[in-house]
Every structure is written in C-alpha cells, then in structure tokens.
Amino acid sequence: MRTRHATTNDARIAYDVQGDGDPVLFIHAGVADRRMWDANVATIAEHFRTIRYDMRGFGDSSLPPGEFSNHQDAVGLLDELGIERAHVVGVSFGGVVAIELALAHPDRVGRLVLGAPSIRGETPSERIRSSWVEEESLLDARDLEAATELNLRLWVDGPHRQPNEVDPAVRESVRTMQMAAFEVPEPEGPEVDEIEPDPPAITRLAELTMPTLVLCGDLDLPEKIETARQLGDKLPDARVEIISGVAHMLNMERPEVFNRLVADFLRSS
C-alpha cells in the first residue's frame, strides 16, 4: 500500500487503497487523520476495496484558502477513483461528513457506518462547548501540547477514566495526529471556510434510508451515547451497537470488535 494523491476541489487529497471487492470509504475523526484506521483496513480489505483519506488540512492533504465542503471533497475523491457507489464508514467528525455525504448524494452510498458520530445542527453540551473555548484559548497562546492533551482527555480517555487507564499506544497515536493537525499553518489569501449544509442534517435524518450501523463506546461521553441512540430511533433502517470498555476512539481501542461488527454488517444482505 502506498500513499496516493488526488486533486479534489482545489485541494491535494492524500489517500490509500487496499483490497478488492465492493469499495468502502473511511472518513477519520477530527482529532486524527487516516492513520487512525491502521488496525482496521487490513482486516476489512480481506473482503472489500478500502479507501482511507486525509481530509483537507489533516495528515498529508493540503489546506488551500477559500470555501470548501468536506462531503464534496469525498465525492470528488470517489469520482477520481471512478467509484459510483461505496459503503461509507465515519467516526466522530467523520460521521458528520458521512451523514452529509449520504444526504447530498444518497445514490453514491451503499451502507453507512457511524461510529460515535456528531450531527450537524445538534446542540452541543456545556461540557463540549467549554472544551472548545478552552482549546481556542490554548491555541491562541500557541500551547499546542496543552490543547492536544485537552482533546485526549475528552475524546480518548472519556469522562470515566484517567490517562493511565487507557492503552498508551492509542493515546500516543492520537496525540501525534492531533498535534500534526494543530501545526498546519493557515494559508495566505482568503479565509478557509467550510460550507455547512442548510438546512442542517439534524432536520433531515428521515432521508437516510440506507441500512445504517451506529456504534458507540460505553465509556464515551453520555451525550455521545445519547446521540447514537437517537440516530437508532430516527433513522429508518438503523441499528445501534454499544461496545463495552471503550470511549470515543472505539475503532482504535477495540479494533477486533469494530472490524467484526463492520465487516459482518457490510456483508449482510
């Protein structure tokens, strides 16, 4: 497997392809990049053609100035690869992008897997809003290490564990990916601005009629578990699985469980 690049909507998008069969597109979390799937793609690629990529501004992808849409970047990558329809797997913010991709282009999405997802338009909890404020303050002070640790505490450890109770390899991997994202310089020229769909996805969930698997860890934030259960209730064809002993980065902490659930779901008729 080697890193390739595609030019999509003026951005140079890094991606990897592995395996053969029906295509599966992996969309990473906002505290990570495509490396978060290291323990997943080899197993899934035993039955599918896996595509994992870095969203613009993450990993090896560029961050050009101006307006952009993450889900349109994903469509552009599928177009570049000549893929008309793919299963889509997104975790955390990757779930936001996966949902918006499925809403904008339902004919391009086969089955949908949402791990600990957020939904555009939902009201963030006070805990999450406070974390955003603290992160912005730390970034303004250029204390990238403290900003990274803040995100590790929230999105890797979760509310029920101390750092020493978490697999150190998982923690260090997310630390490396998050630090890399924080270190990306702002481009010169027009402000980088993500175009958010209007109306937001929270108002359109009934349109997601494709089979959907929603996954969440039992050690994640309670509000994320509630979001997962709400998706199970509101999506026309969805089921929810709660994975024990993991928090937000569920595919990294329990890859064997994640891989089995995802592969079984994608292979089911």
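Things worth noting here:
- Residue list for segment 162-180, restricted to those being assigned to a helix (DSSP H, G or I), open to solvent by 40 Å² or more (accessible area, probe 1.4 Å) and of a type in the set (D, E, K, R): 165, 172, 175
- Restricting attention to segment 181-208, the residues that are in a helix (DSSP H, G or I) and either of a type in the set (A, V, I, L, M) or in contact with a strand residue (DSSP E or B) (Cβ under 9 Å, 6 or more places away or on another chain) (or both) add up to 5.
- The lone criterion from (1) farther than 24 Å from residue 35 by Cβ; (2) out of contact with any Lys or Arg (no Cβ under 9 Å at 6 or more places or on another chain); (3) open to solvent by 50 Å² or more (accessible area, probe 1.4 Å) left unmet by residue 186 is number (1).
- Residue within segment 7-23 that is open to solvent by less than 10 Å² (accessible area, probe 1.4 Å) and not in a strand (DSSP E or B) present: no
- When residues of segment 219-228 are limited to those that are touching a residue at least 60 places away in the same chain (Cβ under 8 Å) and over 16 Å from the mean Cα position of the chain (by Cα), the one most open to solvent (accessible area, probe 1.4 Å): 222
- Filtering segment 109-127 to residues that are more than 17 Å from the chain's Cα centre (by Cα) and among the aliphatic types (A, V, I, L, M) leaves nothing.
- Residues of segment 32-58 satisfying the condition of being aliphatic (A, V, I, L, M), open to solvent by less than 10 Å² (accessible area, probe 1.4 Å) and not in a helix (DSSP H, G or I): 32, 51, 55
- Of the candidates 128, 119, the single residue that is over 23 Å from residue 20 (Cα atoms), open to solvent by less than 30 Å² (accessible area, probe 1.4 Å), part of a loop (DSSP other than H, G, I, E, B) and among the β-branched types (Val, Ile, Thr) is 119.
- Hey, residue 74 open to solvent by less than 10 Å² (accessible area, probe 1.4 Å), touching a residue at least 40 places away in the same chain (Cβ under 8 Å) and touching a Lys or Arg at 6+ places or on another chain (Cβ under 8 Å) or not: no
- In segment 229-269, the qualifying residues are those that are hydrophobic (A, V, I, L, M, F, W, C) and open to solvent by 40 Å² or more (accessible area, probe 1.4 Å), and the one that is farthest from residue 38 (Cα to Cα) is 240.
The values are calculated or read from the model by the stated rules, or taken from the named source; none is laboratory data. If you're wondering where the values come from, they're calculated on a predicted model, not measured in any experiment. As a convention, Cβ positions derive from the backbone with ideal geometry for all residues, glycine included, and neighbour counts pool all protein chains shown. Note: areas computed on protein heavy atoms with side chains; ligands, DNA, RNA excluded. Shrake-Rupley method; radii C 1.70, N 1.55, O 1.52, S 1.80 Å.
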